[in-house]
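Trainee: Sharing a structure, written as structure tokens. Questions coming.
The values are calculated or read from the model by the stated rules, or taken from the named source; none is laboratory data. Remember, it's a predicted structure, so these values are computed and weren't measured experimentally. Every residue, glycine as well, gets a Cβ built from its backbone with ideal geometry; the counts of neighbours run over all protein chains shown.
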Amino acid sequence: METNEYLEVFIDESKEHIQSLNDHLLELEKNPTDLTMVSEIFRSAHTLKGMSATMGYQDLADLTHKMENVLDAVRNHQLNVTTEILDVVFEAVDSLEEMVMDIASGGQGSKDVASLVEQLNAIERGETFQENTGSTSSSSSEPDSPIQSNLASTIDEFERTVLRESADQGYQNLELHITLREDCLLKAARVFMVFEILEQSGEVIKSLPTVQDLEDEKFEQFFSVLLVTKESPDELEKKVMKVSEIETVTVHTFTAEEQTNRAGSSVNNQASSSEQGNTAVAEAPAKSEMETAKKAPVSTKTIRVNIDRLDALMNLFEELVIDRGRLEQIADSLKHAELQETVERMTRISGDLQNIILNMRMVPIDQVFNRFPRMVRQLAKDLGKQIHLEIEGAETELDRTVIDEIGDPLVHLIRNALDHGVELPEVREQKGKPREGSLKLNAYHSGNHVFIEISDDGAGINREKVINKAISNGVVSSEQADALTERQVYQLIMESGFSTADKISDVSGRGVGLDVVKNTIESLGGNITIDSELDKGSVFSIQLPLTLSIISVMLVEIKEEKYAVPLSSIIETAVIKKSNIMSAHNKKVIDFRGKVVPLIDLQDVFEVPGEKLDEEYCSVVIIRKGEKMAGLIVDTFIGQQEVVLKSLGNYLTDVFAISGATILGDGQVALIIDSNSLIM
């Protein structure tokens with residue numbers, strides 16, 4: 001079979017199934033008796049196994065099959081879920097992910113997993129982990145069969161009342177276990193046909209899985225139904241077996257512990273006094289179930305698009321933006337009414353097109369966040385800590401370019417929070433805190449930016465310790481340290497090589513590598529701030545632009561050279577008297593709204609040739625980076641414009657204070673200023 005054309009789909013869907021395995025295994029660990037979750041895990045593993053076998057990746061298929069066997073044993077009550085079992089299954093999922101990534105990079109997905117397979121085999125045989133002492137019989141006709149036990153455990157008090165009243169009125173409460181053939185292609189259609197027969201024979205009270213899951217084909221080959229009817233089990237079995245692609249049908253009387261132990265006289269009295277009302281109640285859920293079953297599933301109109309195609313589309317649109325600027329300039333100079341009207345219309349349409357293209361590139365930050373629950377679980381185990389992870393705003397969208405870059409900085413910040421932020425359970429208890437620490441990830445939109453916050457309720461940052469370390473490292477002087485605000489002190493831990501950790505661990509040292517985090521975020525046009533309170537916790541807040549491809553700038557001119565300052569970093573522009581410029585610490589400064597703001601002459605920074613202007617006033621662009629501000633001295637303001645950010649290429653990667661370039665409407669090249677690098 002020619003598989004090349006399906007390879008990308010296989011890789012994408014395999015990654016989705018592996019993520020689903022991780023997510024559901026974490027949920028199962030919280031609630032080990034939730035067999036619905038086990039079914040979800042089993043389904044993902046089963047699908048991944050089939051896909052791998054079809055594509056010819058036998059190692060991947062074999063390992064998934066071994067993992068599937070363990071899940072099947074749990075699902076059939078032959079094994080209890082334990083942390084030890086989950087550790088092995090998690091390790092298997094890690095290996096599956098490594099094999100898929102190998103395939104994505106051009107390999108064959110081969111990996112030596114003999115030791116892991118033996119562990120899975122041992123679990124399946126029950127040689128390593130204790131088995132459930134209950135019956136392991138697979139006969140669904142026995143009262144203690146796994147499927148019946150599952151269905152009985154889902155019955156609520158209202159449904160028990162319905163079943164009791166039905167039995168008192170001469171109806172039978174029957175449980176049907178139905179298995180479809182392995183080669184059944186239209187499972188939902190077969191389920192619908194079964195429900196049609198059952199509806200004619202009685203009233204459906206409950207199904208497992210739920211009707212919605214059956215309709216969406218979120219089940220394997222078998223399902224069970226609880227029915228109130230006057231027909232015999234043999235008659236029902238014959239009717240259901242007439243549906244094609246049905247493998248087996250078993251029917252038995254449904255019994256539940258509360259039903260058999262009820263106080264008979266009380267129930268009989270209640271039944272005799274409210275016979276009509278209870279009959280109507282019994283019909284209500286059944287009709288609701290069947291009405292739901294008859295609804296056709298809604299199809300989602302989406303397609304997978306290779307990201308390279310979106311990049312190519314964006315590149316073409318960027319050229320269109322450049323030509324649009326040129327046309328606007330020509331129309332303004334010619335003053336031709338019809339031409340101006342046409343250009344204005346084209347500008348509006350291209351603006352709408354720009355929004356559509358940018359939205360197509362936006363992806364949920366969940367693509368980054370979804371790796372963290374599993375990571376936090378493992379780190380908590382390694383560190384001997386108890387951590388509750390809370391994630392909010394995972395649906396917040398960012399440009400795919402930003403998503404690709406932000407993952408590693410977030411991983412580092414989380415590692416720091418767990419290692420040196422959240423205390424050990426015993427230490428937390430001594431401080432009067434819960435033994436379980438809290439780590440929260442929150443993402444949200446604000447204007448043209450996305451904010452990501454990583455907060456913990458740990459030990460916080462010791463201000464005095466930071467200041468002492470900063471002074472000893474020569475980062476600040478004692479006099480400077482005394483004048484620093486709380487937030488400015490915390491920002492010191494982002495300096496290169498700075499650390500307050502008494503011991504550097506394998507996981508992290510708070511401060512070690514945080515300069516890399518800071519540099520990465522600032523290279524994306526963002527910034528990071530830190531707030532902390534001793535013994536209360538810390539909050540690392542990251543601000544990022546929504547997109548990096550097309551940005552709004554203020555065009556300025558220095559002599560005959562044009563520069564672009566990103567609007568996201570501009571507070572305002574001002575024209576000031578040169579006589580108001582003062583000196584402090586050998587630097588030019590101005591008093592801007594009660595704050596001392598240093599001035600930076602861009603002609604000096606970029607060594608622009610030409611005489612200094614001898615005028616009474618000068619033009620200043622006030623920029624901000626966190627709480628710090630600076631004023632950029634320029635010759636003139638040209639105006640605001642949307643421009644396409646272009647890289648300077650591999651030969652000009654380290655140009656100070658320049659993040660890229662753009663082509664203006666008149667064909668000139670303007671350099672885009674990296675405002676963050678100008679503020680120290």
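Trainee: Here are some conditions: (1) closer than 30 Å to Gly525 by Cα; (2) in a helix (DSSP H, G or I). Glu395 meets all but one. Which one does it not meet?
Mentor: Answer for Glu395: the failing condition is (2).
Trainee: Farther than 24 Å from Ser677 by Cβ and either of a type in the set (S, T, N, Q) or at pLDDT 80 or above (or both): is that true of Lys469 in this structure?
Mentor: yes
Trainee: Here's another thing I want to ask about it. Ser166 fails exactly one of the following numbered conditions: (1) polar (S, T, N, Q); (2) farther than 30 Å from Glu245 by Cα; (3) modelled with pLDDT under 80. What is the number of that condition?
Mentor: Just one mismatch for Ser166, condition (3).
Trainee: Quick one: would you say Ser569 is within 25 Å of Leu410 (Cα to Cα), surrounded by 19 or more Cβ atoms within 10 Å (Cβ to Cβ) and modelled with pLDDT under 80?
Mentor: For Ser569, the condition - within 25 Å of Leu410 (Cα to Cα), surrounded by 19 or more Cβ atoms within 10 Å (Cβ to Cβ) and modelled with pLDDT under 80 - is not met.
Trainee: Hey, another quick one. Keeping to segment 373-402, report how many residues are under 22 Å from Asp515 (Cα atoms) and touching a helix residue (DSSP H, G or I) at 6+ places or on another chain (Cβ under 6 Å).
Mentor: Residues in segment 373-402 being under 22 Å from Asp515 (Cα atoms) and touching a helix residue (DSSP H, G or I) at 6+ places or on another chain (Cβ under 6 Å): 0 in total.
Trainee: Checking Gly56 against (1) modelled with pLDDT under 85; (2) farther than 14 Å from Met99 by Cα, only one condition comes out false. Which one?
Mentor: Just one mismatch for Gly56, condition (2).
Trainee: Still on this structure: Which members of segment 579-605 meet the condition of being surrounded by 13 or more Cβ atoms within 10 Å (Cβ to Cβ) and in contact with a strand residue (DSSP E or B) (Cβ under 7 Å, 6 or more places away or on another chain)?
Mentor: Hits for segment 579-605 are Ile581, Lys588, Val589, Ile590, Phe592, Val597, Pro598, Leu599, Ile600, Asp601, Leu602, Gln603.
Trainee: Scan segment 252-275 and give yes if some residue there is modelled with pLDDT of 75 or more, of a type outside the set (Phe, Trp, Tyr), closer than 29 Å to Leu226 by Cα and not in a helix (DSSP H, G or I), otherwise no.
Mentor: Yes, that holds for at least one residue.
Trainee: Please work out which one of (1) at pLDDT 85 or above; (2) over 30 Å from Leu514 (Cα atoms) is the condition Glu319 fails and give its number.
Mentor: Going through the list (1) at pLDDT 85 or above; (2) over 30 Å from Leu514 (Cα atoms), Glu319 breaks only (1).
Trainee: Tally the residues that are touching a residue at least 60 places away in the same chain (Cβ under 8 Å), assigned to a loop (DSSP other than H, G, I, E, B) and closer than 20 Å to Phe219 by Cβ, restricting the search to segment 150-181.
Mentor: Count: 2.
Trainee: Could you please let me know if Ile461 is within 23 Å of Thr520 (Cα to Cα) and modelled with pLDDT of 85 or more?
Mentor: Yes; evaluated as a whole, the condition is true for this residue.
Trainee: Inside segment 399-448, can you point out the residues that are in a strand (DSSP E or B), touching a Ser or Thr at 6+ places or on another chain (Cβ under 7 Å) and not small (Gly, Ala, Ser)?
Mentor: Once the filter is applied, which keeps residues that are in a strand (DSSP E or B), touching a Ser or Thr at 6+ places or on another chain (Cβ under 7 Å) and not small (Gly, Ala, Ser), segment 399-448 yields Asp399, Lys440, Tyr444, His445.
Trainee: Now, a different point. Hey, can you tell me all the residues within segment 207-230 that are surrounded by fewer than 17 Cβ atoms within 10 Å (Cβ to Cβ), in contact (Cβ under 8 Å) with a residue 40 or more places away in the chain and part of a loop (DSSP other than H, G, I, E, B)?
Mentor: Scanning segment 207-230 gives Asp216, Lys218, Gln221, Lys230.
Trainee: If you don't mind, another one. What are the residues in segment 557-598 that are under 43 Å from the mean Cα position of the chain (by Cα), more than 30 Å from Val643 (Cα to Cα) and among the basic types (Lys, Arg), if any?
Mentor: Selection gives Arg593, Lys595.
Trainee: Consider Glu27 carefully, then state whether it is in a helix (DSSP H, G or I) and touching a Lys or Arg at 6+ places or on another chain (Cβ under 8 Å).
Mentor: Against the criterion (in a helix (DSSP H, G or I) and touching a Lys or Arg at 6+ places or on another chain (Cβ under 8 Å)), Glu27 does not qualify.
Trainee: Turning to a different aspect of this structure: Checking Pro409 against (1) in contact with a strand residue (DSSP E or B) (Cβ under 6 Å, 6 or more places away or on another chain); (2) in contact (Cβ under 8 Å) with a residue 40 or more places away in the chain: exactly one of these is not met. Which one?
Mentor: Result: Pro409 fails condition (1) only.
Trainee: With the requirement that a residue be at pLDDT below 90, surrounded by 11 or more Cβ atoms within 10 Å (Cβ to Cβ) and acidic (Asp, Glu), what does segment 631-665 give you?
Mentor: Listed by number, the list holds a single entry, Glu642.
Trainee: Answer yes if at least one residue in segment 326-341 is under 29 Å from Ile542 (Cα atoms) and either touching a residue at least 40 places away in the same chain (Cβ under 8 Å) or in contact with a Gly (Cβ under 8 Å, 6 or more places away or on another chain) (or both), and no otherwise.
Mentor: The answer is no; no qualifying residue exists.
A quick yes/no check of all residues on (1) of a type outside the set (Gly, Ala, Ser); (2) at pLDDT 80 or above; (3) in contact with a helix residue (DSSP H, G or I) (Cβ under 6 Å, 6 or more places away or on another chain):
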| residue | (1), (2), (3) |
| --- | --- |
| Ser145 | no, no, no |
| Gln148 | yes, no, no |
| Ala152 | no, no, no |
| Arg160 | yes, yes, yes |
| Leu185 | yes, no, no |
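Trainee: Could you list, in sequence order, the residues of segment 339-352 that are loosely packed, with under 14 Cβ neighbours inside 10 Å and within 18 Å of Asn315 (Cα to Cα)?
Mentor: Residues satisfying the conditions are Ile349, Gly351, Asp352.
Trainee: Exactly one condition in (1) more than 20 Å from the chain's Cα centre (by Cα); (2) surrounded by 13 or more Cβ atoms within 10 Å (Cβ to Cβ) is not met by Asn355; state its number.
Mentor: (2)
Trainee: Oh, and also: May I ask you to list the residues in segment 77-125 that are small (Gly, Ala, Ser) and farther than 22 Å from Asn31 by Cβ?
Mentor: Ser95, Ala104, Ser105, Gly106, Gly107, Gly109, Ser110, Ala114, Ser115, Ala122
Trainee: Separate question: Name the residue that is surrounded by the most Cβ atoms within 10 Å (Cβ to Cβ), counting only residues in segment 319-338 that are closer than 14 Å to Gln641 by Cα and of a type in the set (Asp, Glu).
Mentor: Of everything passing the filter in segment 319-338, Glu328 is surrounded by the most Cβ atoms within 10 Å (Cβ to Cβ).
Trainee: OK, next. Only one residue in His449, His412, His445 is surrounded by fewer than 24 Cβ atoms within 10 Å (Cβ to Cβ) and under 16 Å from the mean Cα position of the chain (by Cα), so which one is that?
Mentor: His445
Trainee: State whether one or more residues within segment 500-523 are at pLDDT 75 or above, of a type in the set (S, T, N, Q) and part of a strand (DSSP E or B).
Mentor: Scanning segment 500-523, I find no residue that is at pLDDT 75 or above, of a type in the set (S, T, N, Q) and part of a strand (DSSP E or B), so the answer is no.
Trainee: Taking the options Val402, Val368, Val376, name whichever one is surrounded by 17 or more Cβ atoms within 10 Å (Cβ to Cβ) and touching a Pro at 6+ places or on another chain (Cβ under 8 Å).
Mentor: From the options Val402, Val368, Val376, the qualifying one is Val402.
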